[in-house]
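Data block below; observations after.
Nothing in this text is a laboratory measurement; each read-out follows from the coordinates by a stated rule. This is a predicted model, so every value here is computed, not measured. Glycine also receives a Cβ, built like all others from the backbone with ideal geometry; neighbour counts cover every protein chain displayed.
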Amino acid sequence: MKKTNELVYNLFSLIKVSISIHDKCNRIMDYKNIEVPYQLDKIIFSNKKKICSQLKKQENNKVVKLVDPSYLTYIGTKLNGYEVIIGPFLEFEHDSIKLNALKMRLKIVGEDNYIFDDFYNQLVVLRPLNIDFVVRLLHALNGSENMMVEYKNIEGKIITESTSIDSVKSKFRDLDYVKQNYVTEEEFLKVVESGNVEDARQFITDRIMTKLPDRAINDTLRNEKTRLTILNTLCNRAAIKAGVNYQLGHQISTNYGIKIERAKSMYNINKLSKEIIIGYTQTVRDYSLLEYSKLVRGAILNIRKNITEKYSLTDVANDLFVSREHLSRIFKKETRLTVSEYISHSKILEAKKLLKIGEQSVLNISIMLGYTSSSQFSSAFKKNEGISPNQYKSKYL
């Protein structure tokens, strides 16, 4: 087993495609670098089981190749008495039209769309010649350099949700979960909608969605990711309801969706659940437009859109086809800030995010945000925050 494991790990390190080792159809080792959407769990499990069953009947020089209706490809071969399955991977770049049809068939909705797309975008493409090279390389590493390889093609199938009595019962359990958690859900959604960051920090995230039925059997991390995906969707709706722009809400939701799928441990999951609630609440606090008139909302959106430019009151008024005087009067009345003050406030808000990340220098950030010099940026930052950009940055290093 040790030799087989070493060979498989070396191949995985080289080709970056998921590989699993099985002993009489029982998985004993799994190397993978991307998380699989839970809607594909049963499909992939079924396909690998089918390959293993075929490999039990095959000689060592035979390779089983399976392509399923979800456009995923797998190859399996015998190695030192074990079944080795490489995949899933793609033979061709995925077609967005076909992928959308697949999502409809699997009933992929909401935030799951982004997770699903991200999975397919990360899959490695192995052409037929690449596949042949990978198989020969694996056996060559095992000392069988001149082996004649023969392929046996089999077909996979899509496993959709059952309409059996068990499935109906499962749906009722889901409804029961919604009923039991309704009060808690309302509490944290109100926290997000209020924009009160301090309340968001105090909220105990363990209370949220504790009774959601498990979707992935024996996979706690996968189930927690499902819970976080739902949490992400609910918070996004709350933020938009509170007046956050749809485009901004979509961007934040997509970013959290990717973070959820990349989480590797329960520690990451617990940390991320808090981050999601606080993050959306901060967004409502900083970007909510619900209370403003159409003119002021338009001005704010234009300011955000041009945050990296030298954008002035005159530019805003011209883009909205109104006079500077009229815009200034209405804007100050509703926001209690002048247009120039709001532009400066918005730039500093973006600067704080960049400084927290710590990947850019103060000079680079000043250039990115359209300041004429780093000294002008530092002066504006200190006026707004009471400390210099470097002092602020050092707090998060």
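Could you tell me the largest-minus-smallest coordinate of the C-alpha atoms of the range 2-155 on each of the three principal axes, in descending order and whole angstroms?
Between the extreme Cα coordinates on each principal axis of the range 2-155 lie 49, 28, 26 Å.
Of 48, 352, how do they rank once you tally other Cβ atoms within 10 Å and put the fewest first? The partial results should precede the final answer.
Numbers: 48 23, 352 18.
Taking fewest neighbouring Cβ atoms as first place, the list is 352, 48.
Kindly put 303, 387 in sequence by how many other C-beta atoms sit within 10 Å of each C-beta, fewest to most.
On the way: 303 20, 387 13.
The most exposed by this proxy come first: 387, 303.
Over all distinct alpha-carbon pairs, what is the Kirkwood Rh of the range 305-394 in angstrom? Please report the intermediate quantities before stating the final value.
Values: mean 1/r = 0.0724 Å⁻¹.
Every distinct Cα pair counted, the radius reaches 13.8 Å.
Counting other beta carbons within 10 Å of each residue's own, what order do 40, 313 fall into, fewest first? Kindly include the intermediate steps, with their values, before the conclusion.
Details: 40 21, 313 18.
Going from sparsest to densest Cβ surroundings: 313, 40.
Which lysines does residue 382 reach when only Cα atoms under 20 Å apart count, and residues fewer than 8 places away in its own chain are ignored?
310, 347, 352, 353, 356, 393, 395
Between the range 38-98 and the range 252-289, how many Å separate their Cα centres?
The two parts, judged by their Cα centres, are 34 Å apart.
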